[in-house]
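Visitor: Just dropping this structure here.
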Amino acid sequence: MREIELLQALEALAAELSIDVRYEALDSAGGLCQYGGRRHLIIPRDLPARQRINALADALAHQSLDGVFVRPSVRDFLHNRIGSNTT
């Protein structure tokens, strides 16, 4: 799967999980937060696609995916991401 396709798939998964993904001008790493009764993933807008993918994957890999269709390639990517972050 190409980077742009993976990025779009992760953004769609976030939307399915009711996480609003926002790209903002930040001086920090951003992250997952909750305000106004909604969850938001704020990502620096100047990050290249690979780093945006990593930020999305880090946030989504720890969400419950029960009852949500996740493309097998995306599910594998998230599973591998969890495995690589536990060492």
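Visitor: Determine by what factor the alpha-carbon radius of gyration of the chain differs from 2.2 N^0.38 Å, reporting the quotient.
Guide: My calculation over the Cα atoms of the chain gives 1.04.
Visitor: Hey, can you grab everything whose amide H is under 5 Å from the amide H of Arg39? Only 5+ residues off in sequence or another chain; H modelled, so Pro and N-termini drop out.
Guide: Answer set, sorted by chain and number: Asp20.
Visitor: Of all accessible surface on the chain at a 1.4 Å probe, what whole percent is carbon and sulfur?
Guide: Carbon and sulfur together cover 49 percent of it.
Visitor: Skip the ligands, DNA and RNA, and give the accessible area per residue of the chain with a 1.4 Å probe, whole Å².
Guide: Per-residue accessible area for the chain comes out at 62 Å².
Visitor: Can you give the calculated 222 nm mean residue ellipticity of the chain, where each DSSP H run of n ≥ 4 adds -39,500 (n - 2.57) and the sum is split over every residue, rounded to the nearest 500 deg cm²/dmol?
Guide: The per-residue figure over the chain is -14500 deg cm²/dmol.
Visitor: Moving on. In region 6-84, which chymotrypsin sites (Phe, Trp or Tyr not before Pro) are in a loop and have at most 12 other Cβ atoms within 10 Å, using DSSP for the loop call?
Guide: Phe69
Visitor: Counting other Cβ atoms within 10 Å, which trypsin sites (Lys or Arg not before Pro) in region 38-87 have at most 15 and lie in a DSSP loop?
Guide: Hits after loop and neighbour filter: Arg45.
Visitor: Could you grab the relative contact order for the chain? Cα pairs under 8 Å, six or more apart, rounded to a whole percent.
Guide: Once divided by the residue count of the chain, the mean separation gives 28 percent.
Visitor: Something else now. Explain nothing, just the number: relative contact order of region 2-51, from Cα pairs under 8 Å at least 6 residues apart, as a whole percent.
Guide: Relative contact order of region 2-51: 35 percent.
The values are calculated or read from the model by the stated rules, or taken from the named source; none is laboratory data. Treat the numbers as computed from the prediction; the structure is a model and nothing was measured. Reconstructed Cβ throughout: ideal geometry from the backbone, glycine too, with neighbour counts over all protein chains shown. Ligands, DNA and RNA are stripped out before the accessible areas are found, and what is left, the full protein with its side chains, is counted by its heavy atoms. Shrake-Rupley method; radii C 1.70, N 1.55, O 1.52, S 1.80 Å.
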